[in-house]
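> There's a structure below that I have some questions on.
The values are calculated or read from the model by the stated rules, or taken from the named source; none is laboratory data. Source: prediction; values computed, not measured. We place every Cβ from the backbone using ideal geometry, glycine too, and count neighbours over all the protein chains shown. Please note that ligands, DNA and RNA were not included when accessible areas were found on the heavy atoms of the full protein model with its side chains. Shrake-Rupley method; radii C 1.70, N 1.55, O 1.52, S 1.80 Å.
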Amino acid sequence: MKQLIETPAWQTLATLSRHSLALRELFATDPQRFGRFSLNHDGLLLDYSKQRVNSEVMAALHALWTSAGVPAWIAKMRAGEPINASEGRAVLHIALREPAARPEVRAVLEKMRGFCADIHSGSWRGATGETICDVVNIGIGGSDLGPKMATQALAAFHQPNLRVHYVSNLDAAHLVTTLARLDPKRTLFIIASKTFTTQETMTNARSARAWLVAALGEAAVARHFVAGSTNLAAVAQFGIDPAHAFEFWDWVGGRFSLWSAIGLPLALAVGFGNFERLLAGAHAMDQHFFTAPVAQNLPATLALLGIWNTNFLDAATQAVLPYSQSLEHLSRYLQQLEMESNGKQVGRDGQPVGCATAPVVWGEPGTNGQHAFYQLIHQGGRLIPCDFIALKQADFDLPGHHAALLANCFAQSEALMRGKTLAEVRTELKAGGMAEEKIQQLAPLKVFPGNQPSTTLLLDRLDPYSLGQLIALYEHKTFVQGILWGLNSFDQWGVEYGKQLASRLLPMLEGKQLVSGLDSSTTGLIAACKT
Ligand code: G6Q
């Protein structure tokens, strides 16, 4: 495969990046900049006018899309070709949200619909005849982050009288503190695991089972445990009735599995109709991604801006800053999506890709972040591209809240773009009546370099449909970036090594095996735990 970094488009971008673009000037000289560098589509506004780009840069980025053959890769994905080559698998999460879904997908969706109706109507009863009021999803990684993020995001749509909890960590504190508040008679567990072998999930599942059995006896398991998995044999072996196993397939990657049976806790939280609207929003974004020309294509635009920032402006991180408490878990979800998919240095062809790949994705909801780490974004001297995400209409509102929230969001991106010069600081301090000596002391500390790139994504509102669009937007952004970097975005060999070493250390920590053959640090740490 010809590396993208050798293409003329890449070389053009490298040349363009040598002339630093000053956002303040770009806005001053072009009153139409917002119109020129923003996209509107189906209730989403993507304003990238505060990115350090001009028409030439965008044209070269669009050429890069063509050079990398992205449309052909989209076609391969849609055709179900095994584009996850290292695992020999197709990548078809898009098929989970097709309105005319394939029969096996439709069958599981119908089973989920029926199950949700039974829980919500109270016709599903626990072993003692009581209705379910708490659902605990036990899963980790892709079997946790998506549904947890979406359940929080759609808090305004929660069903009454049902609480959904998520337990992921191997640390018993997670399960113990969750169960402490629950009544076994009214609790349902969903064991969510694609493989049904994951250490964290199976350990938590066994402990949850023991908790339930201690309270209600062995026979109660059938009424209190269901599962989402591709491994139905292991589900049955755990003691879960196959009638209560919700299947999915190896062509659904873990971090892309929210749309499958892994979405069951979400469907229970918000109702199946809302889950279907989430699928519809994602499908609408799929159609947009597949058909819109690159210059109007939202996922393509986000992806290409990321390439520009990472590979040409040398940004090492990407902040995700939703001005929405409901999107509290979005940055953690995107962290997995982007970093596990594209945090790689060896390409699909087994060769080093020769350029930087996924940035470190991180963030917190505004305004909390403003009182924590924004200082560094404003004055820390590092290039930190930011994605601001805001809602035109609040999902929860009280007088005086939403306009103030939006004012903060827009003010931050404005401040990051404009900066404040020494002369401006001096004028401001002088106008405030400060003595010259004090001004000299303080002014340098109050300078803001600005020119910090950001994108603002404005959603009409946060509802199941728009959340589906939003997640699919970032999924396709990640896919495009993986193609451009020459990566397989759908495997994750990087998480294997630690697991392998942990299984070697466990018998030593448990005292079943002598501590030997380890480095002195690991030996010392194990010894310290035993004293
Ligand atoms: C996601 C990863 C990973 C996975 C977890 C849980 O893409 O593969 O995060 O989802 O390791 O795996 P199981 O669902 O098999 O328990």
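> Please report the spacing between the Cα centers of the stretch 275-348 and the stretch 131-166 in Å, no decimals.
So the two Cα centres are separated by 23 Å.
> With Cβ to Cβ distances under 12 Å as the rule, what net charge do the other residues near GLU428 carry (K, R +1; D, E -1)?
+3
> Suppose the chain between PHE27 and THR131 were pulled fully straight at 0.36 nm per residue; how much longer would it get relative to their current alpha carbon spacing?
31.5 nm
> With n ≥ 4 as the cut-off for DSSP H runs, can you work out [θ] at 222 nm for the chain, using -39500 (n - 2.57) per run divided by the number of residues, rounded to the nearest 500?
Mean residue ellipticity, 222 nm, calculated: -14000 deg cm²/dmol.
> What is the extension gain from ASN161 to GLU6, computed as 0.36 nm multiplied by their sequence separation minus the C-alpha to C-alpha distance, in nm to one decimal?
Computed gain between ASN161 and GLU6 is 49.9 nm.
> State the Cα centre-to-centre distance between the stretch 224-249 and the stretch 486-514 in whole Å.
26 Å
> Counting only protein heavy atoms, what percent of the accessible surface of the stretch 150-205 is carbon or sulfur at a 1.4 Å probe?
Whole-percent figure for carbon plus sulfur exposure: 51.
> With each label point set 7 Å from Cα along the Cα-Cβ vector, what nm distance links ASP460 and LEU313?
Those two pseudo-labels are separated by 3.0 nm.
> Quick one: with all protein chains in place, what share of the accessible area of the stretch 347-479 is carbon or sulfur, to the nearest percent (1.4 Å probe)?
Roughly 56 percent, rounded to a whole number.
> Taking +1 at the Cβ of each Lys and Arg and -1 at the Cβ of each Asp and Glu, which of LEU13, ALA90, PHE27 sits farthest along the dipole of the stretch 1-130 towards its positive end, judged by Cα position relative to the Cα centre?
LEU13
> On a full-extension model of 0.36 nm per residue, what is the gain between GLU98 and ALA404, subtracting their alpha-carbon distance, rounded to one decimal in nm?
106.3 nm
> Not counting ligands, DNA or RNA, and with a 1.4 Å probe, what is ASP250's accessible surface area in Å² rounded to the nearest 10?
80 Å²
> Then there is this: Ordered by packing density, taken as the mean number of other Cβ atoms within 10 Å over each peptide's residues, highest first, how do 303-313, 324-334 rank?
303-313, 324-334
> Could you give the size of the charge dipole of the stretch 454-531 about its Cα centre, using +1 on the Cβ of each K and R and -1 on the Cβ of each D and E, expressed in debye and rounded to the nearest 20?
300 debye
> Calculate the spin-label point distance for GLN351 paired with ALA117, positioning each point 7 Å from the Cα along the beta-carbon direction, and give it in nanometres.
About 5.7 nm, to one decimal.
> For the residue pair HIS41 and LEU442, what label-to-label distance in nm results when each label sits 7 Å from Cα along the Cα-to-beta-carbon direction?
Label-label distance for HIS41 and LEU442, simple model: 4.7 nm.
> For the chain, what does the relative contact order come out to in percent, with C-alpha contacts under 8 Å and a separation of six or more?
Relative contact order comes out at 19 percent.
> Probe of 1.4 angstrom, ligands and nucleic acids ignored: what's the accessible area per residue over the chain, in square angstrom?
42 Å²
> Can you pull the percent of the stretch 12-53's accessible area that's carbon plus sulfur, 1.4 Å probe, other chains left in place?
About 51 percent, which is the carbon plus sulfur part of the accessible surface.
> Got a sec? Which residues in the stretch 501-531 would a label at GLN199 touch, if it sits 7 Å along Cα→Cβ and we count backbone N under 11 Å?
Output list for this probe position: 501-509.
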